[in-house]
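Trainee: Below is the structure I would like to discuss, written out as structure tokens.
Readers should treat all values here as calculations from the given coordinates under stated rules, not as data from a laboratory. Fair warning: this is a prediction, and the values are worked out from it, not measured in the lab. Cβ placement follows ideal geometry from the backbone for every residue including glycine, while neighbour counts extend to all protein chains displayed.
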Amino acid sequence: MFQTSSTTVLNNPHTWAGEAEVQNYISAALAALALGEHLITIDKEVRYMWRRKPSVAAALFTSNRYGVLFYSILALTTSFVKGLPVCTAITRTTETMIILLMVIFGACSALRAYALWNKTLGLFFVVFALHLGQISVNIFLFRSSTPTNTPIAVASCLSHLHLGRQQQMCGSRGKSFSDVC
């Protein structure tokens, strides 16, 4: 999924076509890696996960495993969709998958910290709360963006993030916001 805050990119998308092509290769590699990993480990998954009693750990494992596969396929398809309704649907689905995966990663990280630190419940909540901050920022960014189509074949669907004039000026100078703004 391509995201930009630049109106220049929207007006002249050929300026970033090369970057879009590289991102497509990365998305294809991610999808191939996820699918390949699924294929070579499916026998172990059947043996160790499907034949056991359902648990929270099994649910987290399964949702993480298949969520990453589904996301990698979605990330690849956003590059080649035609039409704004399809672009919008796939972009919003991809954004939702990112948020769901971040919640799963947060839960796994918090459970790992809980298990490694003598089942300290306070640490579980601290680790999960730290993930919630990142999730909140992503929700804000996704809600502020607008899916749009471009004439570039390798990046026909992108998400335009509307930044204010001051934010665009600060971001366009190549310095961090704290240095300039």
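Trainee: Aspartates and glutamates within cross-link reach of Lys53: Cα-Cα under 18 Å, excluding same-chain residues under 8 positions apart?
Mentor: By straight Cα distance, Lys53 reaches Asp43, Glu45.
Trainee: Give me the distance in nm between label points sitting 7 Å out from Cα along the Cα-to-Cβ direction at Thr96 and Thr120, one decimal.
Mentor: Distance between the two pseudo-spin positions: 3.8 nm.
Trainee: Summing Lys, Arg as +1 and Asp, Glu as -1, what charge do residues with Cβ under 11 Å from the Cβ of Ala155 carry, Ala155 excluded?
Mentor: Residues close to Ala155 contribute a combined charge of -2.
Trainee: Follow-up question, since we're still on this one. Which of rounded, prolate or oblate describes the stretch 2-163 when judged by the alpha-carbon gyration tensor and an a/c cut-off of 1.5?
Mentor: oblate
Trainee: Now for a different question. Taking the Cβ of Phe128 as the centre, find all other residues whose Cβ is under 15 Å away and add up their charges (Lys, Arg: +1; Asp, Glu: -1).
Mentor: Net local charge, Phe128 excluded: +2.
Trainee: Work out how much length Leu35 to Val103 would gain on full extension: take 0.36 nm times their residue separation and subtract the Cα-Cα distance, in nm to one decimal.
Mentor: Roughly 22.3 nm would be gained on extension.
Trainee: Quick check: residue separation of Ala28 and Glu45 times 0.36 nm, minus the Cα distance between them. What number comes out in nm? The partial results should precede the final answer.
Mentor: Values: separation 17, 0.36 × 17 = 6.12 nm, distance 2.40 nm.
Here the segment from Ala28 to Glu45 would lengthen by 3.7 nm.
Trainee: Which of the chymotrypsin sites (Phe, Trp or Tyr not before Pro) found in the stretch 66-134 are loop residues per DSSP with 10 or fewer other Cβ atoms within 10 Å of their Cβ?
Mentor: Here no chymotrypsin sites (Phe, Trp or Tyr not before Pro) fit, given the DSSP loop and packing criteria.
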